[in-house]
Amino acid sequence: MTDSKYFTTTKKGEIFELKAELNSDKKEKKKEAVKKVIASMTVGKDVSALFPDVVNCMQTDNLELKKLVYLYLMNYAKSQPDMAIMAVNTFVKDCEDPNPLIRALAVRTMGCIRVDKITEYLCEPLRKCLKDEDPYVRKTAAVCVAKLHDINAQLVEDQGFLDTLKDLISDSNPMVVANAVAALSEIAESHPNSNLLDLNPQTINKLLTALNECTEWGQIFILDCLANYTPRDDRESQSICERVTPRLSHANSAVVLSAVKVLMKFMEMLPKDLDYYGTLLKKLAPPLVTLLSAEPELQYVALRNINLIVQRRPEILKHEMKVFFVKYNDPIYVKLEKLDIMIRLASQANIAQVLAELKEYATEVDVDFVRKAVRAIGRCAIKVEQSAERCVSTLLDLIQTKVNYVVQEAIVVIKDIFRKYPNKYESVIATLCENLDSLDEPEARAAMIWIVGEYAERIDNADELLESFLEGFHDESTQVQLQLLTAIVKLFLKKPTETQELVQQVLSLATQDSDNPDLRDRGYIYWRLLSTDPVAAKEVVLAEKPLISEETDLIEPTLLEELICHIGTLASVYHKPPSAFVEGSRGVQHKRLPGSAGSGESVESPDTGSAAGVADAPPAVIPSQGDLLGDLLNLDLAPPTATTGPPPPATSGMQMGAMDLLGGGLDSLMGDESEPPPIPLRTDTPQSPQSPQLSHQSPSPPDYSPTELGGDLGGSPAMGAGFGAPPAAMPASFNAPVSGGLDDLFDLGGGVGMPMGAYSAPKSIWLPAMKAKGLEITGTFARRAGVIQMEMTLTNKAMSVMTDFAIQFNRNSFGLAPAGPLQVLTPVSPNQSIEVALPLNTVGPVMKMEPLNNLQVAVKNNIDVFYFSSQYPISMLFVEDGKMERQVFLATWKDIPNDNESQFQIKDCHLSSDAASNKLQGSNIFTIAKRTVDGQDMLYQSMKLTNGIWVLAELRVQAGNPNYTISLKCRAPEVSQCVFQSYEAVLKN
Amino acid sequence: MIHSLFLINHSGDIFLEKHWKSVISRSVCDYFFEAKEKAVDPENVAPVLQTPHHYLISVYRGKLFFLSVVQTEVPPLFVIEFLHRVADTFQDYFGECSEGVIKDNLVTVYELLEEMLDNGFPLATESNVLKEMIRPPNILRSVVNTLTGGSNVGDKLPTGQLSNVPWRRAGVKYTNNEAYFDVIEEIDAILDKSGTTVFAEIQGVVEACVRLTGMPDLTLSFMNPRLLDDVSFHPCVRFKRWESERVLSFIPPDGNFTLMTYHVSSQNLVAIPVYVKQNISFFESGSCGRLDITIGPKQNMGKTVEGLMVTIHMPKVVLSANLTATQGNYTYDLATKVVVWDIGKLNPQKLPNLRGSLSLQAGAPKPDENPSLNIDLKIQQLAISGLKVSRLDMYGEKYKPFKGVKYLTKAGKFQVRT
């Protein structure tokens, strides 16, 4: 007999019939009816209408019926809070039941009902259950505290439940201990600094005792908790390791991996000459190997972790290469991971085996895998010098197969090999040249062109080869075009007499016929270099290139140390620290490996000591926290954490956009000025190759170039190479770096042209069309007549009509939320733009963002959902009644501690203090008083944020000095930076 | 911890959802569907996916995806292990783990899920404990329940939950006391073209079926325990005894369970029971090729190789195969391009051979990739590693149980390259 009978429907209407049955007098009928209700609920049907009828069935001595009703309650209580109250009495009564199973069930269920009124009644029963004589009840109650904390954290703290929970760590029953640890760990995750799990040798001892006796899941919780402890000395460390080692033989792979984490971490403290250290190393290998015989999903997670472990301690698995050999029927995600680890383990001792395997993989079916295998051969060559020759000959064999993608991949890696071992393997160039015609992927073409240019003097017909590429110059991708340009210049410098025409041709192609700024700039640079100083040109273009290193693919040591502390977690799968992606874990302390006790250690691995010092600083390679969406889109206006040079205000991209409106006219105005103006980069006159972009993509191969990153950061911040799109599409970002001289002029323009009112930045691109299947969104924020608005232009750049627009915000610092639906009433046809103003309110859910004024937005249309993030000027949150009374101002200013004061400089602002005051008033920044001391005007100002936070300011303006000083005081000092940015934005426009 | 679970069938329909905390909208699965679409084969969907606000961790079992949603930093192995446990439990309760059977037992499934996880923390995952609380469905009981108004749900606190042997219930009684152990070994191997072993290892498992009255304490010892490179035990095994004496000492769960799994790694010499002589070649012109495979016995310790089967994954351009088998039958599946040759018992006097011609799509060039062979086989009464149980002793109870040990060797991922 099956449950599918519960799905038969009749004509009368299901709900109606169920209602009748639920109210039946017969117990059995009632139960069947509840089952039917549950069955409907499980498949997602809405049976909430039956709430009162189901709750009526709750008072029963039939345990199954009770459980079923509880199931229903948990699902629907949230939508019917008032009705749910009806259940409270029964719950409270059940918490006193003589049967511990019923007591536990009642407290457990109450915790799952996420309704405030119910939670109030939960406290007393919960307190009793936490001290219940029956451990089953206690362990259930422990988890219930975590539930309650999730619903109402304050309540849990006020009621002292956290302390009771801490006491449970010393409980006599191991299962209770495990659950208490689990609950505390979960609570601690949302309270990073709360020191909830205060680990000391006594608690550690208790945990270790419980570890042996609790369930497999409990063992995971306890081990993960142990991993956070830092032992006092190597002896304690060793004794913990000894007691954890047996867990390596557990059947549950999660237990094994958590144990590995504890051991990997505590091992750091053991002196390397200790016998036990060697024993431990040997014990770690077999369980890791065994993980690889489990289900593929488990293998995947294990492999991601092994990848970290072999980077930290390659000695553990150095003899186990074979277990990473790829099997034919492994899922692709396992294959790729295994390949990665094979390369990491490759050494002189096993390279022959590895190469034979890799060659075998290169004939497999899956194209992605084959490509990676070919690349792996190249990486082996770079890693193991002795094998380079064999790798090159293997690659040549593969090229002979003439399989198109294999050949292309091989050429790309051979280029890297040339850079690692110059002047060694150039004899193979002839073979490579034979395959010139079959290359159709940009990367392979670029690599080949690089090779021809680099070794032009040894290739007789280099000029012919390059010329052949030149024919279709405009159809090539940018990567190939840039490479071709550089290669021909190299060729010219090496063989000037025969190739003058060729170089002329490529330079004119690059500078005159191309609309790609990168290409044009590079063309101009070469042109000028060649025409002014050929010797310098030779020095620059043919400069000695740094050798590429074998370690390029390794994880940066600080990050690696942190990740080792996170073995077995999501962080270890993504190879990113948890702060980079786990929501709600902001401010989580970076974990680090403990330092070693033995002094000999620091000599052997210098990175341990030095790295520990900087471990606090988040490693630079990781995207800043909160950039979840930014990451996806690469769209952020200006990196808020940029460290080089004075940080540009986040809104600079927007405000500068205003100049562009005036740009055309001003260009001509300024033409005659004596100082050479920094002309916007997209000028079309060939006479102005005055670009700061001195080869940030230097003429070396794109990978491994050490200058690349620096160039992007240090050069002109907005001219990021990331914006590969044609310049016309984003004027704002291209104009942003223009600075200095222009500002004066624009200030005038701004002063005259702008209406006095709240300043709002011009629209900037929030969501480029290429990231959103053709939907482009530009927009800005404004406060108009006391209403915050998000003003957007939606442009349809796709081929089909877009409809059904909707918008949603992620939780954000000030609770911004749409006040109504997005009003796009008509479908947007291709190439059509539509303007929308979305009124916002500030009553949405709040979560602190980084930076504070970051807003993550999701826009939906009939095609897909798209995400972007943008930063709003905080000035739009300044409310109209932000003018403080003088006396209050004085008192408040004194009252706020000096630690909360921050000072900023506003540079190049040429307004008088009155004009500034007027301007600021338009944005609800009110001047309360003005004082003049020694020719310096001091303006005292106040503003109030929508959430009631007051910000007090003192603005100092000295006649004749274009630099203002501003001091901000606020009880929430984290807003100061944003407020300052708004000042700057308002004053400069 | 684990927030929600979605069960998704082969064609991408969500047919069951369960939330242990607040409700998460189904739309979160869209990210998974996107990944599934990209992966083409369901086996290739990556098990851990990241979405803007959640993490999706999934396993693929019996043509079903078990997709869990987590919101905080949770050990993914913990989630994956748990999901497999859920699938195992369904298998155990309903005999199979399929969409049909789950839909037929929806309420039981829902009760089970509620019992297995509380607020995302595992609560009761031992099958013994679960079965005491929620009885598995069977026809007889449904009839009785309907007649008497009895219930499926136990109303006693499961004894195992709290004792320090949570895996065993108290008061077990049998009229026939018996303990059977199956030592099953799988050979994972890669052989290259010339028949040389590239890699070989043995994955072993000791499955037990113990039906003994009371609280028996068992000790199982091996003739040659040092053979094992790595072992993982059921929680019932006392690790200290193993460390010091290399014997398995334990109070067994009641019924079927996996006592231990072990691993004999490639460092030791692994015996390969058969050899394969094969030649699959394609001609440069004429769009055809030739296939010739012979299998013979190698190191099989004098036992018979049975259930022999060869699976050949052909390149995509192979249109048909015209082959002759001296023993057994072969099939060629056009859609998947797989030749399956079912041989059966291996006769050392008359070696099985499969040969013939392959024809390619007209005009297609010689394929780039090499076909690959997978071998299946079974050898009864042999553990290929040489592992032998020497004795089983029982303490704590007076009666004399019936004991038995069986051995079986199988091919695991046994692959021959061409």
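Bear in mind that the values in this text are calculations on the coordinates, not laboratory data. What you are looking at is a predicted structure, and each value in this text was computed from that prediction instead of being measured. Because the Cβ atoms are built from the backbone with ideal geometry, glycine has one as well, and the counts that use them run over all protein chains shown.
Within the range A:250-269, which residues have the backbone N less than 16 Å from the label spot 7 Å out from B:Thr258 along Cα→beta-carbon, could you tell me? Of the residues in the range A:250-269, A:250-257 have backbone N under 16 Å from the label point off B:Thr258. The residues packed around A:Leu542, meaning those with a beta-carbon under 11 Å from its beta-carbon, carry a net charge of 0 if Lys and Arg are +1 and Asp and Glu are -1.
Rounded, prolate or oblate: which one fits the range A:864-989, using the alpha carbon gyration tensor with axes a ≥ b ≥ c (rounded when a/c is under 1.5, else prolate when a/b beats b/c, else oblate)?
oblate
Summarising the label geometry, the points placed 7 Å from Cα in the beta-carbon direction at B:Asn322 and A:Ile15 lie 6.9 nm from one another.
Across the range A:776-786, coupling constants 3J(HN,Hα) worked out from phi with the 6.51/-1.76/1.60 Karplus curve, θ = phi - 60°, read 10, 10, 10, x, 7, 10, 8, 10, 10, 6, x Hz, and Gly and Pro carry x. Net charge dipole, the range B:2-148: roughly 160 debye, given to the nearest 20, about the Cα centre with Cβ charges of +1 for Lys and Arg and -1 for Asp and Glu. Partner lysines whose Cα lies under 26 Å from the Cα of A:Lys771, excluding those fewer than 8 positions away in the same chain, are identified as A:Lys576, A:Lys763, A:Lys797, A:Lys860, B:Lys36, B:Lys38.
Within 15 Å, Cβ to Cβ, of B:Lys388, how many net charges do the neighbouring residues add up to if Lys/Arg are +1 and Asp/Glu are -1? Could you put the intermediate results ahead of the total?
On the way: positive: B:Arg226, B:Arg246, B:Lys303, B:Arg391, B:Lys403, B:Lys406; negative: B:Asp182, B:Glu185.
Surrounding charge for B:Lys388 is +4.
Which FRET efficiency, nearest 0.05, do A:Lys930 and A:Asp881 yield, Cβ-Cβ r, R0 22 Å? Efficiency for this residue pair is about 0.60.
Less than 11 Å Cβ to Cβ from A:Glu880, Lys/Arg counted +1 and Asp/Glu -1: what total charge do the surrounding residues give? Before the final figure, lay out the partial values.
On the way: positive: A:Arg783, A:Lys883, A:Lys944; negative: A:Asp881.
Value of the local net charge: +2.
Once the Cα atoms of helix B:76-94 and of chain B are each reduced to a long axis, what angle between those two axes, in degrees from 0 to 90 to the nearest 10, is obtained? Between the helix axis and the principal axis of chain B, the angle is about 80 degrees. Computed on the range B:2-148, the Cα convex hull volume stands at 112 Å³ per residue.
Under the 0.36 nm per residue contour assumption, what length would be gained going from the current alpha-carbon distance of A:Met770 and A:Lys131 to full extension? Working shown, then result.
On the way: separation 639, 0.36 × 639 = 230.04 nm, distance 5.97 nm.
Extending this stretch completely gives an extra 224.1 nm.
Phi angles across the range A:298-303 convert, under the Karplus curve 6.51 cos²θ - 1.76 cosθ + 1.60 with θ = phi - 60°, into 3J(HN,Hα) values of 5, 4, 4, 4, 4, 5 Hz, Gly and Pro given as x. Helix B:139-148 and the longest principal axis of the Cα set of chain B meet at an angle near 20°.
Other chains near B:183-192: what is the mean number of their Cβ atoms within 10 Å of each residue's Cβ? So the per-residue partner count for this stretch is 2.
Per-residue 3J(HN,Hα) values for the range B:334-344, derived from phi via the Karplus relation 6.51 cos²θ - 1.76 cosθ + 1.60 with θ = phi - 60°, read 4, 5, 9, 6, 10, 9, 10, 10, 9, 9, x Hz in sequence order (x marks Gly and Pro). Modelled label positions at A:Glu974 and A:Val843, each set 7 Å beyond Cα in the direction of Cβ, lie 2.5 nm from each other.
Across the range A:168-242, Cα-Cα pairs more than 20 Å apart make up 26 percent of the total. Using only side-chain charges placed at the Cβ, +1 for Lys and Arg and -1 for Asp and Glu, the dipole size of chain B relative to its Cα centre rounds to 1340 debye.
What's the extension gain from A:Glu791 to A:Lys26 if we count 0.36 nm per residue and subtract their Cα-Cα distance? Walk me through the numbers on the way to the answer.
Values: separation 765, 0.36 × 765 = 275.40 nm, distance 6.20 nm.
Here the answer is 269.2 nm.
Taking a point 7 Å from the Cα of A:Met799 along the Cα-to-Cβ direction, the residues of the range A:821-836 with backbone N closer than 20 Å to it are A:828-833. Along its three principal directions, the equivalent ellipsoid of the range B:1-70 from the Cα gyration tensor extends over semi-axes of 18, 13, 10 Å, largest first.
Just to check, using Stokes-Einstein with a Kirkwood Rh over alpha carbon pairs, what's the diffusion coefficient of chain B at 37 °C and 0.692 mPa s in µm²/s?
131
Report the FRET efficiency, 1/(1 + (r/R0)^6), for A:Asp82 and A:Leu890, where r is their Cβ-Cβ distance and R0 is 60 Å, rounded to 0.05. Plugging the Cβ-Cβ distance into 1/(1 + (r/R0)^6) gives 0.75. I'd like the orientation of helix B:29-39 relative to chain B: the angle between its Cα long axis and the longest Cα principal axis, in ° from 0 to 90, rounded to 10. Result, in degrees: 20.
When +1 charges are put on Lys and Arg Cβ atoms and -1 charges on Asp and Glu Cβ atoms, the dipole computed for the range B:176-220 relative to its Cα centre reaches about 60 debye.
Mind running the shape call on the range A:457-580? Use the C-alpha gyration tensor, a ≥ b ≥ c as the square roots of the eigenvalues: rounded below 1.5 for a/c, prolate if a/b tops b/c, oblate otherwise.
Since a/c reaches 1.5 and a/b is larger than b/c, the shape of the range A:457-580 is classed as prolate.
Label separation (A:Glu315 vs A:Lys359): 3.4 nm, computed from points 7 Å beyond Cα along the C-beta direction.
With one equal scatterer per alpha carbon and no solvent term, the Debye-computed log10 I(q)/I(0) for the range B:274-380 at 0.10, 0.13, 0.17, 0.19 1/Å reads -0.29, -0.48, -0.76, -0.90.
Calculate the all-directions average of the projected area of the range A:31-95's alpha-carbon convex hull, and give it in nm². Let's see the in-between values first.
Details: hull surface 16.1 nm².
The directionally averaged projection comes out at 4.0 nm².
What's the FRET efficiency of A:Ser477 with B:Ser194 using the Cβ-Cβ distance as r and R₀ = 56 Å, to the nearest 0.05? My answer for the efficiency is 0.80.
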